[in-house]
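Remarks on the structure that follows.
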Amino acid sequence: MPAAPGQAGPRGIRRWLAPLLRLSEYGTASYPPKVRRRLQILNVMAVLVALFSILFAATYAANDLSGHRWAVLINLALVAAALTVPFAHRHSEITGAMILLAAEYAGLFALVALLGRSSGIQLNFVVVATVAFAVLGPSRPGLLVLVLLTGFALHVGAWFLFPDGQAGASPDFLAQLYVNSALTVFAVTAAIAFYAFWVVEQAEAETEALLRNVLPDLIVERLKRQPDELVADTHAEVSVLFSDIKSFVPLAHSLGALRTVEMLNDLVRGFDRLASLHGVEKIKTIGDAYMAVAGLPEPAADHAVRQARMALAMQESARETASRFGVEIVLRIGIATGPVMAGVIGTRKFSYDVWGDAVNLAARLEQTCEVGRVHISTATRTRLGELFQVRPRGAVPIKGLGPVETFTLLGPALGGPERPGRAA
C-alpha cells in the first residue's frame, strides 16, 4: 500500500538507507536475485560488525589500553575480517559468510577468555546464529546446522570455561561491557531482521509490479486471495478494439530490426498511456497488432465511449510516433460491442485473454477498415448515441458473417465532450 504524504514508504526508506544500500550491493551484481538478496544482508551485517568492533576497541582503549591491548587487537582483527566480506563474493556465494562466521566465532571466544563470562560477550553468539539463518538460507541445511551447533557449543563452552577473565577487568567495567553486549545483540539482531524483511518486501513489490503489468489489477487481487482459483468470467457487454499498421512488413524492412523494435515500443507505450487515461484494459500485442477491451474486468456503462475516445487518440499518437521516426504510420482500427468471456489462460507464461463473438467481429472490422479510419459495429454505434460523428458504410462483407451493417467513426460530435471520462 502506498504511504500517505508525510509517512515513510518504500521510497522514503530507500532515501535514508541509500548509503547503506550502496554498500550492501557491493560484489553482488553477478549473482541471481535470490542469492543477491542474501549477500546484501551479509554485507549489511559485515558493516555493522565493523562499526560495533570499532566502538568496542575504542571502549577497551579508553578504559585501559595496556591492560586490554589484546581485546583491542581482536576487535581490530574483526573489523579487518568484516571489511573483506564484500570482496570475497567474487570467489563464491558463501566465502564471505564463512570468513565472517569464522572470525566472529574465534574473536568472541577469545574475548570471553580474556574478560570472563561476566562481560556478556558470549551473548553475541546469538547474533552469529541470526546471520547464519539470513545468509546461508535453506539451500544448505547441513552447513547451517553445523554453524548453529558450533555457535551453541562455543556459547556454552565460554560460559563454563571462563567464569573469570584473564585481563583482570574491574566489576564496573565488566558491567558496562555486559550492557554494551546486550545492546549490541538487540541492535544488530533488530537491524538484520528489519533489513531482511525490507528486502523481502521490496522483492515482493517488484514481483507484484511485474504481475500487474501482465494482468489487470482486479485479477491480481483475486489470484493473491485464491492462487488456485480458476479465473473465468462472462461479461454481458464490453467494447473490443483491434488495431494494426497498414503495410507493416515493408515499413519494418525499411527501418531494420532494431529501429522497428524502437518504433513499435514507442507506439505501444503511447497506446498504453492512452489505455490508462481512458479506462481501457490492454489485453495484448502481437507484432504491430494491439488489442484492448473496455468494460472488464470491472463493468463500465460507458465502455463504447471510452473505446471510441481511445481509438481517435490512437490515431494522433501514431502520427506523433511517425513524426519522431520519420516514417508514415497509418492505422486500421476496428471496434465491436457485445458479450465476451475472459480468463487467465495457462500456468506458465500465462495471460489474461478475452474471447467471443465481439472479439471475432472487432478483428474482422479492423481487417476491413478503410486505412487511417476507425471501423465500428452497429452495436457500438448504438452505444455511442449522439456523442460522436459517424458515417454509415452500408453492408460490408465480413468473413463468417456475410454482409454486416457497419459505420466509420469520424470524431466527437460538435459541441460534445472531448475529454476522457469514466462512469461513476
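Of note:
- The range 252-296, residues that are in a helix (DSSP H, G or I), aliphatic (A, V, I, L, M) and under 18 Å from Ile333 (Cα atoms): Leu264, Leu267, Val268, Leu274, Ala275
- Unique match (being closer than 22 Å to Ile286 by Cβ and either at pLDDT 90 or above or surrounded by fewer than 22 Cβ atoms within 10 Å (Cβ to Cβ) (or both)) among Gly356, Gly421, Gly411: Gly356
- When Ser181, Ser118 are checked against the criterion of being in contact (Cβ under 8 Å) with a residue 40 or more places away in the chain, closer than 24 Å to Ala58 by Cβ, in contact with a Gly (Cβ under 7 Å, 6 or more places away or on another chain) and of a type in the set (S, T, N, Q), a single residue qualifies: Ser181.
- From Gly343, Gly372, Gly295, Gly385, residue being closer than 25 Å to Thr260 by Cα and assigned by TED's automatic domain parsing to the domain that holds Val268: Gly372
Here is a yes/no grid of residues against (1) over 29 Å from Asp266 (Cβ atoms); (2) outside the structural domain of Val249 (by TED's automatic domain parsing); (3) outside any helix (DSSP H, G or I); (4) not basic (Lys, Arg):
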position	(1), (2), (3), (4)
Glu320	no, no, no, yes
Ile333	no, no, yes, yes
Asp353	no, no, yes, yes
Arg364	no, no, no, no
Ile376	no, no, yes, yes
Arg391	yes, no, yes, no
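- The single condition among (1) closer than 30 Å to Ala205 by Cβ; (2) surrounded by 18 or more Cβ atoms within 10 Å (Cβ to Cβ); (3) at pLDDT 85 or above that Ala71 does not satisfy is (1).
- Residue list for the range 255-273, restricted to those being in contact with a strand residue (DSSP E or B) (Cβ under 9 Å, 6 or more places away or on another chain) and of a type in the set (A, V, I, L, M): Leu264, Leu267, Val268
- Residue tally, condition surrounded by fewer than 17 Cβ atoms within 10 Å (Cβ to Cβ) and either in contact with a helix residue (DSSP H, G or I) (Cβ under 6 Å, 6 or more places away or on another chain) or at pLDDT below 85 (or both), over the range 153-162: 1
- Within the range 384-400, if we keep just the residues that are more than 22 Å from Ala294 (Cβ to Cβ) and of a type in the set (A, V, I, L, M, F, W, C), the residue that is surrounded by the fewest Cβ atoms within 10 Å (Cβ to Cβ) turns out to be Ala395.
- Contacts under 6 angstrom Cβ, first residue in the range 392-413 being closer than 13 Å to Arg373 by Cα, partner assigned to a strand (DSSP E or B) and among the hydroxyl-bearing types (Ser, Thr, Tyr), 6 or more apart: Arg393/Thr406; Arg393/Thr408
- Inter-residue pairs, beta-carbon under 8 Å, first closer than 13 Å to Met310 by Cβ and touching a residue at least 40 places away in the same chain (Cβ under 8 Å) and in the range 270-294, second in a helix (DSSP H, G or I) and β-branched (Val, Ile, Thr), 6+ apart: Gly270/Thr321; Tyr290/Val268
- The residue pairs whose first member lies in the range 93-112 and is within 10 Å of Ala158 (Cβ to Cβ) and in contact (Cβ under 8 Å) with a residue 24 or more places away in the chain, whose second member is surrounded by 21 or more Cβ atoms within 10 Å (Cβ to Cβ) and of a type in the set (Phe, Trp, Tyr), and whose beta carbons are closer than 6 Å, counting only pairs six or more residues apart or on different chains, are Val112/Phe162.
- Filter pass, Asp172 being among the acidic types (Asp, Glu), surrounded by fewer than 19 Cβ atoms within 10 Å (Cβ to Cβ) and not in a helix (DSSP H, G or I): no
- Residues that are within 30 Å of the chain's Cα centre (by Cα), of a type in the set (D, E, K, R) and crowded, with 19+ Cβ neighbours inside 10 Å within the range 88-119 comprise just one, Glu93.
The values are calculated or read from the model by the stated rules, or taken from the named source; none is laboratory data. Fair warning: this is a prediction, and the values are worked out from it, not measured in the lab. Backbone-built Cβ (ideal geometry, glycine too); neighbour counts: all protein chains shown.
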